[in-house]
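*Asks:* Before I ask anything, here is the structure I am working with.
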Amino acid sequence: MKNLNIEEINKELQNKSPNQIIAWALSIAKNPVVTTNFRPYEVAILYACAQVKNTLKVIWCDTGYNTPQTYTHAKELIHALNLNIHLYVPKQTAAYRDATMGIPQIEDPLHKVFTEQVKLEPFNRAMKEHKPDVWFTNLRKGQTAFRSSIDIVSISKDGLLKVSPFYHWTDTELDAYLAEHNLPNEFTYFDPTKVLENRECGLHS
């Protein structure tokens, strides 16, 4: 992956469909994965990936703080799309964390510890176990300052080829995509580590 001309690749993929982008990435991948947390619009990347390769590994890092609606949404999508789910959860229960630190605010020194426990450690454990070379995500331009600085294809801080097939899509375009394919969305998702919607979560920066 180190020898790829990322700038040239992004120019070539600029006007390709998500399925074409996914197919291109899979053609050079030896061990691809897609990660998800079943947040709003995640169904788009899961559906698109499943259409191209229905055995693709789907890594779900569940913080343990999802809403009942998100868990129901996840269960329905896993069944409907026949997702090849690999579930990762924090090593300590949410009940223990609630009793000892609660959900720390961003200014609280414990926030870093909390984020490491519920998000970064499970994610890093998953990546260490599966050792992917291509990582599909649903990052989109405009979500955060960092995400606006990358493109459809980028190299992650760990050297993985990160592919975001819907990178240039707006919410309106995704709404139309979901309607066209009769896909459900889910808006009650809760990320206990971010507080602000436009704050980077730590996995991608």
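*Asks:* Mind checking whether some residue in the range 112-119 is of a type in the set (Asp, Glu), closer than 29 Å to residue 161 by Cβ and in contact with a strand residue (DSSP E or B) (Cβ under 7 Å, 6 or more places away or on another chain)? Break it down into steps so the answer makes sense when it comes.
*Replies:* The initial filter retains those residues of the range 112-119 that are of a type in the set (Asp, Glu), namely 116.
Now restrict to residues that are closer than 29 Å to residue 161 by Cβ: 116.
Of the ones still in play, those that are also in contact with a strand residue (DSSP E or B) (Cβ under 7 Å, 6 or more places away or on another chain) are none.
Within the range 112-119 (the criterion being of a type in the set (Asp, Glu), closer than 29 Å to residue 161 by Cβ and in contact with a strand residue (DSSP E or B) (Cβ under 7 Å, 6 or more places away or on another chain)), the answer is no, since none of the residues qualifies.
*Asks:* May I pose another question? Cβ contacts < 7 Å: first residue under 19 Å from residue 87 (Cβ atoms) and at pLDDT 95 or above, restricted to the range 33-49; second residue outside any strand (DSSP E or B) and charged (D, E, K, R), any location; separation 6+ or different chain. Result?
*Replies:* Note: pairs meeting the criteria are 36/42; 38/186.
*Asks:* Does residue 83 count as over 29 Å from residue 151 (Cβ atoms), touching a residue at least 12 places away in the same chain (Cβ under 8 Å), in contact with a strand residue (DSSP E or B) (Cβ under 7 Å, 6 or more places away or on another chain) and not basic (Lys, Arg)?
*Replies:* Answer is no for this residue.
*Asks:* I'm trying to understand the selection: among the residues of the range 87-109, which are surrounded by 14 or more Cβ atoms within 10 Å (Cβ to Cβ) and either over 16 Å from residue 191 (Cβ atoms) or aromatic (Phe, Trp, Tyr) (or both)?
*Replies:* Listed by number, the residues that qualify are 88, 101.
*Asks:* Helices (runs of 4 or more DSSP H) wholly in the range 1-69 with at least 3 residues that are β-branched (Val, Ile, Thr) - which ones?
*Replies:* By residue number, 18-28, 42-52.
*Asks:* Can you tell me which condition residue 100 does not meet? The list is (1) without any contact (Cβ under 8 Å) to a residue 12 or more places away in the chain; (2) under 26 Å from residue 169 (Cα atoms); (3) not charged (D, E, K, R), and all the others hold.
*Replies:* Of everything listed in (1) without any contact (Cβ under 8 Å) to a residue 12 or more places away in the chain; (2) under 26 Å from residue 169 (Cα atoms); (3) not charged (D, E, K, R), residue 100 misses just condition (2).
*Asks:* Any residue at all in the range 108-118 that is in a loop (DSSP other than H, G, I, E, B), of a type outside the set (Val, Ile, Thr), in contact with a Lys or Arg (Cβ under 9 Å, 6 or more places away or on another chain) and free of Cβ contacts under 8 Å to residues at least 40 places away in the same chain?
*Replies:* Scanning the range 108-118 turns up no residue that is in a loop (DSSP other than H, G, I, E, B), of a type outside the set (Val, Ile, Thr), in contact with a Lys or Arg (Cβ under 9 Å, 6 or more places away or on another chain) and free of Cβ contacts under 8 Å to residues at least 40 places away in the same chain.
*Asks:* Quick test for you: out of 56, 77, pick the one residue that is among the hydrophobic types (A, V, I, L, M, F, W, C) and closer than 23 Å to residue 175 by Cβ.
*Replies:* On the way: 56 fails: closer than 23 Å to residue 175 by Cβ.
After ruling out the rest, the residue left standing is 77.
*Asks:* With the condition kept exactly as written, say whether any residue in the range 1-10 is over 19 Å from residue 141 (Cα atoms), out of contact with any Gly (no Cβ under 6 Å at 6 or more places or on another chain) and at pLDDT 95 or above.
*Replies:* No, every residue in the range 1-10 fails to be over 19 Å from residue 141 (Cα atoms), out of contact with any Gly (no Cβ under 6 Å at 6 or more places or on another chain) and at pLDDT 95 or above.
The values are calculated or read from the model by the stated rules, or taken from the named source; none is laboratory data. Here the structure is a predicted model, which means the values were calculated and not measured. Note that each Cβ is placed from the backbone with ideal geometry, even for glycine, and that neighbours are counted across all protein chains shown.
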